[in-house]
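Have a look at the structure below before the remarks.
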Amino acid sequence: MTATDDIEFNIARLDLRPGDILVVKLKDRVNTAALTHWREGLGHILPDNKCMILEGGADLAVLTAAEIAERAK
């Protein structure tokens, strides 16, 4: 038995298009160094997208460019 035997994995495909914003909602508050680490890491793997990091829950969402334009009206 390995350490992963009791862990359920849910893997989804993340489909971001240029101009979309990735929203990461963290469960707990984190310090400035951790936020910097998150931003730099996400910036390297998602250079065509902005990332918004929120504290207070563990959700992940994508705002498409069309949704952003609609909300800006």
How many residues of segment 29-39 are surrounded by 10 or more Cβ atoms within 10 Å (Cβ to Cβ) and over 11 Å from the mean Cα position of the chain (by Cα)? The answer is 5
Quick check on Asp59: is it modelled with pLDDT of 85 or more, surrounded by 10 or more Cβ atoms within 10 Å (Cβ to Cβ) and among the charged types (D, E, K, R)?
no
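The values are calculated or read from the model by the stated rules, or taken from the named source; none is laboratory data. Everything numeric here is computed off the predicted structure, so don't read it as measured data. Neighbour counts run over all protein chains shown; Cβ positions are idealised from the backbone, glycine included.
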